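**Q** One structure, as structure tokens, below. Some questions next.
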Amino acid sequence: MKPTLALLFVLACSAAAGSARAQQMAITFDDLPAHGEKPAAITRLEIAASILATLKREKMPPVYGFINGIRTAEDPSTESVLKAWRDAGEPLGNHTWAHKDLESETPEQFEADVLKDEPLLQKYMPGKENEAAWHWFRYPFLREGETLDKYRAVHTWLSTHNYMVAEVSMDFEDYLWNAPYARCVAKGDDASVQKLHDSYLATADQYIGVFRQLSQMVYGRDVRYILLMHLGAFDARMLPELLTLYRQRGFTFISLPEAAQDPIYAQDPDIGVKYGGAIQELMMAKLKLKFPPNTKPYKELEATCK
């Protein structure tokens, strides 16, 4: 008996739902222990505690926090953030000591800044059993070198020092909302905070589509995504709703090491790209593919509550 059109429709919907459920994502946070502007009444520790409470309540897998040790030198009280992160069972990785841009550094200067971060990582993830765990590295600004020679030099150095690069494959520049949020809170402008809320979720939703499209263009399939987030005050406020959004779009959550098992992360773009980008963006440049249209509310955020 031939299947009816109705049955075919149901089967197609079931297949689509199964595909949506199959989407996996690891969430990572950059710029521990202190990122960006914040409302005066909120401490760095309270920001971290809010994020950690959400991760626990939502039963998230281990979430990497990538650290810039210079923040603890600038304000020793922020070291409490690293302690809280580890007390919650979350792992830490290397984001360089001072968050310098590789494009303005020599490979040797940049590598020294990576090494300078290591004592703090060893302090909070001590022992041989944790050594591999903290040898995850995230490039500041996602800039891996504007020339091929620089790209290769630093990648080779990282590999010989047993570092694994925590590439990014999902991003919506969440950090853009933290400074306007601090300004709006200072002014008591609740209406503008609501607009920030709406544009944050709308932009995150848009870039789900953008990065899935990039993955299809480069790899012909969805990948195990790695989301870049920052330890900011507005991020802490929005994280519960952001996780809900990703779940509504069919994502489940995995750890960074699980996501990195996707074969795409073993493919070396081997290209110098000015201003860097997510792994799909590097591969788009390598393959000379045209980036699809997309927008972010840069001007609106810059003008908010000024």
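**Q** Scanning the range 168-202 for residues that are part of a helix (DSSP H, G or I) and of a type in the set (S, T, N, Q), which turns out most open to solvent (accessible area, probe 1.4 Å)?
**A** Step by step, filter the range 168-202, then rank; the result is Gln194.
**Q** Here's something else I'd like to know. Report, by residue number, each residue of the range 88-99 that is open to solvent by less than 30 Å² (accessible area, probe 1.4 Å) and either within 16 Å of Ile47 (Cα to Cα) or more than 21 Å from the chain's Cα centre (by Cα) (or both).
**A** Answer for the range 88-99, where residues must be open to solvent by less than 30 Å² (accessible area, probe 1.4 Å) and either within 16 Å of Ile47 (Cα to Cα) or more than 21 Å from the chain's Cα centre (by Cα) (or both): just Glu90.
Condition check ((1) surrounded by fewer than 18 Cβ atoms within 10 Å (Cβ to Cβ); (2) modelled with pLDDT under 95; (3) outside any loop (DSSP other than H, G, I, E, B)) across all residues:
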| residue | (1), (2), (3) |
| --- | --- |
| Gly36 | no, no, no |
| Ala41 | yes, no, no |
| Ile47 | no, no, yes |
| Ser50 | yes, no, yes |
| Lys56 | yes, no, yes |
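**Q** Looking at (1) in a loop (DSSP other than H, G, I, E, B); (2) on the phi < 0 side of the Ramachandran plot; (3) open to solvent by 40 Å² or more (accessible area, probe 1.4 Å); (4) touching a helix residue (DSSP H, G or I) at 6+ places or on another chain (Cβ under 9 Å), which is the one condition that is false for Gln261?
**A** (4)
**Q** Would you confirm whether or not the range 72-87 contains a residue that is of a type outside the set (D, E, K, R), closer than 23 Å to Thr252 by Cα and open to solvent by 40 Å² or more (accessible area, probe 1.4 Å)?
**A** No: zero hits.
**Q** Return yes or no: is Tyr275 open to solvent by 10 Å² or more (accessible area, probe 1.4 Å), touching a residue at least 24 places away in the same chain (Cβ under 8 Å) and not in a helix (DSSP H, G or I)?
**A** Answer is yes for this residue.
**Q** Right, another one. Looking only at the range 264-305, which residues are farther than 23 Å from Gly220 by Cα and either at pLDDT below 95 or of a type in the set (Val, Ile, Thr) (or both)?
**A** Answer for the range 264-305, where residues must be farther than 23 Å from Gly220 by Cα and either at pLDDT below 95 or of a type in the set (Val, Ile, Thr) (or both): Thr295, Thr304.
**Q** Condition first: closer than 12 Å to Leu120 by Cα, hydrophobic (A, V, I, L, M, F, W, C) and free of Cβ contacts under 8 Å to residues at least 60 places away in the same chain. Now tell me which residues in the range 51-100 satisfy that.
**A** Result: Ile67, Ile70, Ala73, Leu82, Trp97.
**Q** Also: Can you tell me which residue within the range 151-160, out of those that are closer than 15 Å to Tyr139 by Cα and not hydrophobic (A, V, I, L, M, F, W, C), is surrounded by the most Cβ atoms within 10 Å (Cβ to Cβ)?
**A** Top of the filtered list is Tyr151.
**Q** How many of the residues in the range 205-235 are farther than 29 Å from Gly36 by Cβ and of a type outside the set (Asp, Glu)?
**A** Qualifying residue count, the range 205-235: 6.
**Q** I'd like the full set of residues that are assigned to a loop (DSSP other than H, G, I, E, B) and either open to solvent by less than 20 Å² (accessible area, probe 1.4 Å) or hydrophobic (A, V, I, L, M, F, W, C) (or both), limited to the range 100-150.
**A** The answer is Asp117, Met125, Ala132, Ala133, Trp134, His135, Arg138, Tyr139, Glu144, Gly145.
**Q** In the range 220-239, which residues are closer than 19 Å to Tyr265 by Cβ and open to solvent by less than 40 Å² (accessible area, probe 1.4 Å)?
**A** Result: Asp222, Val223, Tyr225, Ile226, Leu227, Leu228, Met229.
**Q** Within the set of pairs 6+ apart or on separate chains, which have a first residue in the range 203-227 that is more than 19 Å from Thr252 (Cα to Cα), a second that is among the small types (Gly, Ala, Ser), and C-beta atoms under 8 Å apart?
**A** Leu214/Ala278
**Q** Looking at the range 151-167 only, could you name the residues that are in contact (Cβ under 8 Å) with a residue 40 or more places away in the chain and either touching a Ser or Thr at 6+ places or on another chain (Cβ under 8 Å) or small (Gly, Ala, Ser) (or both)?
**A** Ala153, Ala166
The values are calculated or read from the model by the stated rules, or taken from the named source; none is laboratory data. This structure is a prediction, so every number in the text was calculated from the model and none was measured. Ideal geometry is used to build each Cβ from the backbone, glycine not excepted, and the neighbour counts take in all protein chains shown. The accessibility values were calculated without ligands, DNA or RNA, using every heavy atom of the protein model including side chains. Shrake-Rupley method; radii C 1.70, N 1.55, O 1.52, S 1.80 Å.
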